Amino acid sequence: MVQRNAPIGVFDSGHGGISVLRELVRQMPREDFLYFGDSANAPYGTRRADEVRALTAAAAARLFEQGCKALVVACNTATSVAIDDLRRAYPDVPIVGIEPALKPAVLENDHPGVLVMATEMTLREEKFRRQMAFYSDRATIYRLPAPGIVECVERGDVDGPGLTGYLTSILEPFRAVQLDAVVLGCTHFPFVREAIVRCLKQPARLYDGGPGTARETRRRLEAAGLETDAPGPGRVVLTNSRPEAVAISRMLLEL
Ligand code: DGL
């Protein structure tokens, strides 16, 4: 029996999902949240799909064993390869997976140039390729894998010289291209938003899937009659497969 005052489980390969957790807490301040970051196995984006499927299944099992009433897969990479498996395994539980915010980036602009930054796996998988094909006649869409950002954020570096050097080099080829929108298609990336804007050197609008994922989670809880009836404020518990990494998650949550 699912308890309406149980926590919402939130999962990512590491600290990235904290950018989604921030939004979840902002939109649902009375809910309790249990966060699990799998930093011991990060990055996911450069792994094989079957490995990410197995790691995601283990993370979900862990959060449900701890009594979570719903699950937010706050990792675009895990969503792209494992969301269908999770929904099959837990058919009675609300499960929400984040996806790159390509839709608003295309529809809020008139035939825009859109750069989608994400992990190699997200950009390669069927789910994103279908999304891209759907919008390809309304926008010019460029793809850019950026595994170096994940590594920096995992270390807690959100604006150091290493990060700036990396961003400058990967964004260099897009200087000559007109970009109206940049999709932050990996949950680690919103933490380096300012650095991206600075290194991009053009006035593109940035889109991140966190707010939409939080709205969808709220809708799903309401539809299932699972919103908390506790007075709040809710409790946020941070856990990690590398326990010493929790301090970095906490720092990012407070940014
Ligand atoms: N934060 C993850 C995402 O949204 C994955 C980063 C990684 O582990 O490669 O895709």
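Could you work out the local net charge near A247, counting Lys and Arg as +1, Asp and Glu as -1, over the other residues with Cβ closer than 15 Å to its Cβ? All intermediate terms of the calculation are to be shown ahead of the outcome.
On the way: positive: R155, R242, R250; negative: E154, D157, E244, E254.
Surrounding charge for A247 is -1.
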Hz values of 3J(HN,Hα) by residue in region 33-41 - Karplus curve (6.51, -1.76, 1.60), Gly and Pro given as x: 10, 10, 9, 10, x, 9, 4, 5, 10
How large, in percent, is the carbon and sulfur part of the accessible surface of the chain at a probe radius of 1.4 Å? 51 percent
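Restricting to Cα pairs below 8 Å that are 6+ residues apart, what does the relative contact order work out to for the chain? Please round to a whole percent. Write down the numbers at each step before the final one.
Values: 490 pairs, mean separation 77.2, N = 255.
Contact order relative to length: 30 percent.
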With a cut-off of 8 Å between alpha carbons and a minimum separation of six or more residues, what is the relative contact order of region 120-239 in percent? 20 percent
Between R4 and R175, what length comes free when the chain is fully extended (0.36 nm per residue of separation minus the Cα-Cα distance, one decimal in nm)? 56.6 nm
Using +1 at the Cβ of each Lys and Arg and -1 at the Cβ of each Asp and Glu in region 204-255, identify which of A204, M251, P233 lies farthest towards the dipole's positive end. A204
Hey, got the dipole for the chain? About the Cα centre, +1 on K and R Cβ, -1 on D and E Cβ, debye to the nearest 20? 220 debye
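Which of the peptides 223-233, 244-254, 171-181, 25-35 is most tightly packed, and how do the rest follow, going by the mean number of other Cβ atoms within 10 Å of each residue? Let's see the in-between values first.
Details: 223-233: 12.5, 244-254: 16.1, 171-181: 14.5, 25-35: 18.3.
Ranked from most to least packed, the peptides come out as 25-35, 244-254, 171-181, 223-233.
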Less than 11 Å Cβ to Cβ from V153, Lys/Arg counted +1 and Asp/Glu -1: what total charge do the surrounding residues give? -4
So what J values fall out for region 143-157 if you push phi through Karplus, 6.51 cos²θ - 1.76 cosθ + 1.60 with θ = phi - 60°, rounded to Hz, Gly and Pro as x? 10, 9, x, 9, x, x, 5, 4, 4, 4, 5, 4, 7, x, 8
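Consider all pairwise Cα distances in the chain and report the whole-number % of them above 28 Å. Each step should come with its number before you reach the end.
Working: 9709 of 32385 pairs.
Here the tail beyond 28 Å accounts for 30 percent of pairs.
Just to confirm a number: summing +1 for Lys and Arg and -1 for Asp and Glu over residues other than P104 whose beta-carbon lies under 15 angstrom from that of P104, what do you get?
Counting the neighbours of P104, the net charge comes to -3.
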Lys/Arg Cβ at +1, Asp/Glu Cβ at -1, dipole of the chain taken about the Cα centre: which of I8, M132, L163 is farthest positive-ward? M132
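Calculate, for region 10-57, the solvent-accessible area per residue in square angstrom, rolling a 1.4 angstrom probe over the heavy atoms of the protein chains. All intermediate terms of the calculation are to be shown ahead of the outcome.
On the way: 1550 Å² over 48 residues.
Value for region 10-57: 32 Å² per residue.
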For region 98-110, Karplus couplings with θ = phi - 60° (6.51, -1.76, 1.60), whole Hz, Gly/Pro x: 6, 9, x, 7, 6, 4, x, 4, 7, 6, 7, 10, 9
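The values are calculated or read from the model by the stated rules, or taken from the named source; none is laboratory data. Because the structure is a prediction, the values reported are computed rather than measured. With ideal geometry, Cβ positions are generated from the backbone for all residues, glycine too; neighbour counts draw on all protein chains shown. Only protein heavy atoms, including side chains, enter the accessible area calculation; ligands, DNA and RNA are left aside. Shrake-Rupley method; radii C 1.70, N 1.55, O 1.52, S 1.80 Å.
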